[in-house]
Amino acid sequence: MKEIKPNQVYTTQEAQDFLKISNSTIKRHLKSGIIQANKVGGRYRILGAELLNLVSPQAEKGATIVYRDLKEKVGQTIKNW
């Protein structure tokens with residue numbers, strides 16, 4: 001398996017291959033800002049550090065914290081109704 005280098009620039013196809021996701025999923029991640037990228041010549045280019053951030057354990061931990069906070073806020077809002 002090829003290694004993701006933080007300072008390397010990757011195409012969306014290469015990012016898809018690394019992350020094992022579909023074309024529609026990578027497009028959705030780019031549009032929603034989950035993956036930060038720059039357009040060069042009408043095509044997205046993604047920095048390797050961005051891919052590493054997406055799959056790092058810290059990112060997962062942060063997402064879990066955000067999810068739990070949101071779940072608690074929704075629960076409180078429902079109770080207040």
- Give the cross-link partners of K39 among the lysines, using a straight C-alpha distance below 30 Å as the criterion and excluding same-chain residues fewer than 8 apart. K2, K5, K20, K27, K31, K61
- How much net charge surrounds I78 when only the other residues with a Cβ under 12 Å from the Cβ of I78 are counted, with Lys and Arg +1 and Asp and Glu -1? +2
- List, in order, the whole-Hz ³J(HN,Hα) value for each residue of segment 73-81 obtained from phi through the Karplus relation with A = 6.51, B = -1.76, C = 1.60 and θ = phi - 60°; use x for Gly and Pro. 5, 5, x, 5, 4, 5, 4, 5, 6
- Net charge near T25 (other residues with Cβ under 13 Å of its Cβ; Lys, Arg +1; Asp, Glu -1) is +3
- Query: At each listed q (0.11, 0.13, 0.21 Å⁻¹), what is the log10 of I(q)/I(0) that the Debye formula gives for segment 9-80 modelled as equal alpha-carbon point scatterers?
  - Reply: -0.37, -0.48, -0.89
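Throughout, read-outs are computed from the coordinates displayed, never taken from laboratory work. Values in this document were obtained by computation on a predicted structure and should not be read as measured data. Glycine also receives a Cβ, built like all others from the backbone with ideal geometry; neighbour counts cover every protein chain displayed.
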